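Single-structure report; data block below.
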Amino acid sequence: MKQLSYADALPRLTLQADKVRAYDDDFVPDQGWRAIWRVWGEQAPAFLYGHSFLLLKPETLARRLAQTVFDFVVDRGFVPVATASVPISRSAAHHLWRFQWNAATTDRVELTNLVNARSESMLIVLRDMVAGPVPTAIKLWKMKGSAYAHRRTEEHLRTALGMHSRMLGFVHTPDEPADLVRELSILLDPRALTQLLRAAIAATPDRDALHLRTCRSAALDFQARCAPHSVDPSEVMERRAPWSKHPIASEVWSALKNCRRMGLSTILDALSSGSNDALDWDVLTLAAELIEHDKTGVSARLDARAVGEMHRRWSESFDKVQTSTGSASHA
């Protein structure tokens, strides 16, 4: 069997030419690519096109939403087959979003890192039980819903989770198979990734009910070890009303009520006097409502394409891509 390199396989893993160019000389995905082929062998396309993952971020675990996530994905034809708790360190976050964060303000990057430091995240590998016209990554990406509230409907996961701020996205998924490989390489070291892939390939369809119970139990047990919090700015403002009377913190309350932006360092300094932990969930929840997210006039190096467009393009090309991938895997 001849195994393609990740770079050579990229046109079969993404339909975005700019992503092919960006990832072509990126060494990061090579680790995940090798691990997938080592564990899955000739079945590697089944993993690449038939699986993806959901990352439950610290705000999801703090709000105790893991069960909601499981209910949502299972009701829509996915079965969890493997889990792993993963820290999203500053380095990991910078790698994950390096092609988007050139357009992000320093405040947004720093606040994301502070949120990720509240706890590890829970990674759940999902298998699509119903083969469809697009890769599982695309299907899950569309189901997740946009970071922008006006682009979401009741059918989206982020709506079900009550997402209220672009800054706190609650869940993350890879957009395409190319991102699935790259992001697994970033989030897991070789040993942990191999263990995850072995668990996924061992999860045969005849034992789906057992896999669901095992993965759900692991996620709920992990969630129980994370500090609970509403991650709800309205609840925080009501409970922390005494802060509004503090000479410095009152500026934050004024900004919140008048929808005025504030710098992150100003927010942290203003609220540190009212909290035993200047970086606790109360502070971070309010900061997410106040910071400026985007640099003016700067576009992301990899600008997110409309998921509807990518779903259409994959549905038109998927059969051909799968056939070419299978043919290229043998020689």
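Within the listed set SER254, SER165, SER185, the Gaussian network model of the chain (springs between alpha-carbon atoms below 10 Å) gives the highest mean-square fluctuation for SER254.
Hydrodynamic analysis of segment 233-290 uses the Kirkwood radius over alpha carbon pairs. Inserted into Stokes-Einstein at 20 °C and 1.002 mPa s, it gives a translational diffusion coefficient of 196 µm²/s. Between 0 and 90 degrees, the angle of helix 177-187 with respect to the longest Cα principal axis of the chain falls at about 60 degrees.
Helix 66-75 and the long axis of the chain differ in direction by around 40°, with both axes built from C-alpha atoms. Relative contact order for the chain: 30 percent, from Cα pairs under 8 Å spaced at least 6 residues apart, divided by residue count.
Where a ≥ b ≥ c are the square roots of the eigenvalues of the C-alpha gyration tensor, would you call segment 1-134 rounded, which needs a/c under 1.5, or, failing that, prolate if a/b is larger than b/c, or oblate? It is oblate, given that a/c is not under 1.5 and a/b is not larger than b/c.
Taking every Cα-Cα distance in segment 1-67 and sorting them into 10 Å bins from zero, the calculated P(r) comes out as 17, 39, 25, 17, 1 percent.
Find the centroid of the Cα atoms in segment 217-287 and in segment 27-81, then give the distance between the two in whole Å. Measuring centre to centre over Cα atoms gives 31 Å.
Report summary: the helix-based calculation at 222 nm, which adds -39500 (n - 2.57) for every DSSP H run with n ≥ 4 and divides by the residues of the chain, gives -15500 deg cm²/dmol. Beyond a 20 Å Cα-Cα separation, which of these cross-linked pairs lie in this structure: LYS19/LYS295; LYS257/LYS295; LYS57/LYS142? Too far apart for the 20 Å limit: LYS19/LYS295; LYS257/LYS295. Sites listed here are trypsin sites (Lys or Arg not before Pro) in segment 1-77 whose DSSP assignment is loop and whose Cβ has at most 13 other Cβ atoms within 10 Å: LYS2. Measuring r between the beta carbons of THR68 and ASP8 and using R0 = 51 Å, the FRET efficiency lands at 0.80. Note on ASN258 and GLU42: their simple-model spin labels are 7.0 nm apart, each label 7 Å out from Cα toward Cβ. Against the chain, whose longest principal axis is taken from its Cα atoms, helix 106-116 shows a tilt of about 80°. Normalising the Debye intensity of the chain to I(0), with uniform scatterers on Cα atoms only, and taking log10 at q = 0.07, 0.12, 0.13, 0.14 Å⁻¹ returns -0.30, -0.85, -0.99, -1.13. Given axes a ≥ b ≥ c from the Cα gyration tensor, I'd like to know whether segment 151-203 is rounded (a/c under 1.5), prolate (a/b larger than b/c) or oblate. Judged from the Cα gyration tensor, segment 151-203 comes out prolate (a/c at least 1.5, a/b above b/c). With no solvent and one equal point scatterer per Cα, compute the Debye intensity ratio I(q)/I(0) for segment 201-249 at 0.17, 0.24 Å⁻¹ and report its log10, rounded to two decimals. So the normalised log intensities are -0.69, -0.89. For the pair ALA306 and HIS94 in one chain, pulling the backbone fully straight at 0.36 nm per residue adds 74.0 nm over the alpha carbon distance.
We did not get these values from a lab; they are worked out from the coordinates using the rules stated. From a predicted model like this one, the values you see are computed outputs, not experimental measurements. Here the Cβ is made from the backbone with ideal geometry for all residues, glycine too, and neighbour counts use every protein chain on show.
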